[in-house]
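Notes to accompany the following structure.
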């Protein structure tokens, strides 16, 4: 490694300044930073080659008619106009996705917080439970779990077997248009592991003496939660909410597996990403699908910006 | 530690790499390579790979690699590879997509290789036409099949209901279904699958009425009355308990594993004849194949022998000659054909059909007997469906579900289906 990396930050600046005068700013900067960029290279190649490049190409394709077999044909705003004015499936898919986001994110976060608080009470074997509860998050996106979910919520699945104990004869939840989306919400809530781990870390940050002082003053457990835990946890809640919302917008695998790629029954599980996939690879409309993708990016950006704007009214940072 | 490479070293190293890669190409240039891509399950892959090995032993200096995926994943992969100029040489093609791929220049025309290199003399003429688009041959049929009803004969027997025959009408079949449901010998089992969203069923029914799904010039081939009556017929079947309710039918993802017969939810279901072997393998009960029912005692011509799948050659291929030779081997070499059996359908070549027929096992014979015994139920092969037919199929099913779950009346369902499909076809 070069010497510069071992000297304190202040020293580098001086050295750089002198270097720039002596032998040219860029050569000196290059000598200092080249190893850094070299180590970054794999990531840089990935970022430009696999993320930014394709993203820009898809932006271009969104203004074309492209069936993947012939060259793209420029159509201007036609794809976007169709999305906005003449695509009932777009609104259907948007409706399904928003339902999924609105139900899955709050339930998942609440559940994650509850479990995190339970685990934070100095349980024996904490690491074991933590691992167990985290497990579904690792498995959740997989095909096997989506298949398992089909079994659980089918007409003769475990859920209905349990309900029949109480004399209730349930429908086939997974394949009924009124309920299918909620089985997918349940699947998402079940994967509460990663927000839970973050909540757990957040809870550990809250100074214990605050709770001690509060109990001395006679504050109830609920009041302590409401007045201490929640406010001090808002940065973590905010982070989790933003990340989980973005994730929920992008959900694809469960709906794809459970409906066999159709988004059925009756478009009830036609997630936005699934519709996009159908248009691109089922109907060979890569241009239109690219436009759909950019609309999704826009929607997620608006949601995230909105969250950041409102955050100043409810997120409390220590400093 | 220094990460620097001197310019001299760099150039030297680069030159070495370059010369090495040049060595590589010259070494491999002797060997002719062929890439195959097909959809299907493991047993199909085993059979196909055995044929490839056989071909390699008989043709020294050729190297054939194959890749296979499930139906759903296959089309995205193929489209991506074609778009990326990385298409496989030999492509398994479906009747639904051949027009789309051929018209867009992705497939190589093969008629100039006939008959010297590609000998299809004893093929059914209609099946060769099935692989032709705009007067060029783009696909060689790998076998014939036909849509079929799968019967769980054990369940029929338990309920004391006779199996349907070639004379059975839909109304009679529905009565049989209702009887099986009513007998209730097995928990959760109904008589029939709900076929209202099944495209082959709807097409068969339309053809018996002298209509079609699509016309030869790619327009919609039926009217609101037809579609409404179709949905209405199944609504009555559902009401009578002849077929499964909508939430059970919706479990069917249009594959063998989730068909209501395989799930034990119905005693009769709807499939294709070449799938029979796989169906029987999934079911402990004894299964049988029969035709789709007649709409009236004297109506006919609903069925047709369909090329179950083709081998096409990519227009991008650098080894078209070799690809054609391989395909010719695949459909005309007795050893290869015996390895393939009737898993891809019944061989189109009359000579090869005899070779296979002599060695078929019991389940293979069922499919063969079924397709060759269709009689007056079989009619002419319809023209290949237009682009957008895939969307049309989803729409038929979507509206069938809306009717099934009571969100639409059969009459409105029929109206909507015609409107939607007309729009889909106009969009292309």
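Summary table below
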| read-out | value |
| --- | --- |
| Per residue Cα convex hull volume in Å³ - calculated over chain A | 242 |
| Antiparallel DSSP beta bridges within the protein assembly as shown, as percent of all bridges there, nearest 5 | 60 |
| Backbone N under 17 Å from the residue A:86 label point (7 Å along Cα→Cβ), restricted to the range B:399-428 | B:419-428 |
| Ordering of B:330-336, A:46-52, B:351-357, B:91-97 by packing [mean C-beta count within 10 Å, highest first] | B:91-97, B:330-336, B:351-357, A:46-52 |
| Least to most buried among B:349, A:180 (fewest other Cβ within 10 Å first) | B:349, A:180 |
| Overall form of the protein assembly as shown per C-alpha gyration tensor (a/c, 1.5; a/b vs b/c) | oblate |
| Least to most buried among B:287, B:425 (fewest other Cβ within 10 Å first) | B:425, B:287 |
| Virtual spin-label span in nm between residue B:33 and residue B:219, 7 Å along Cα→Cβ | 5.0 |
| Taking the convex hull of Cα positions in the range A:136-231, its mean projected area over all directions (nm²) | 9.3 |
| Å³ per residue enclosed by the Cα convex hull of chain B | 194 |
| Contour minus Cα-Cα distance for residue A:37 and residue A:234 (0.36 nm per residue) | 67.3 nm |
| Three-way shape label, the range B:38-149, alpha-carbon gyration tensor, a/c 1.5 | rounded |
| Rg and Dmax of the range B:291-364, Cα atoms only, in Å | 16.7, 54 |
| Exposure proxy order (Cβ contacts within 10 Å, fewest to most) of A:68, A:196 | A:68, A:196 |
| Shielding of A:67-80 by partner chains, average beta-carbon count, 10 Å | 2 |
| Per principal axis, descending, Cα span of the range B:106-236 in whole Å | 60, 36, 28 |
| Pair residue A:57, residue B:358: separation of 7 Å Cα→Cβ label points (nm) | 5.3 |
| Label zone at residue B:129 (point 7 Å along Cα-to-Cβ), backbone N below 12 Å, the range B:379-394 | B:380-384 |
| Within 10 Å of each Cβ in B:115-126, the average number of Cβ atoms from other chains | 0 |
| Residue A:98 paired with residue B:49, simple spin-label distance in nm, labels 7 Å along Cα-to-beta-carbon | 5.0 |
| Peptide-level mean, for A:194-206, of C-beta atoms on other protein chains within 10 Å | 0 |
| Percent RCO, i.e. relative contact order, over chain B, from Cα pairs under 8 Å lying at least 6 residues apart | 25 |
| Residues residue B:116 and residue A:27, FRET efficiency given R0 of 45 Å [Cβ-Cβ distance, rounded to 0.05] | 0.05 |
| Intensity falloff of the range A:179-279 expressed as log10 I(q)/I(0), Debye formula with alpha-carbon point scatterers, at q = 0.24, 0.25 Å⁻¹ | -1.18, -1.23 |
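Bear in mind these aren't lab numbers, they're just calculated from the coordinates by the rules spelled out. Computed from a predicted structure; not experimentally measured. Methodologically, a virtual Cβ is constructed for each residue, glycine included, from the backbone with ideal geometry; neighbour enumeration extends over all protein chains shown.
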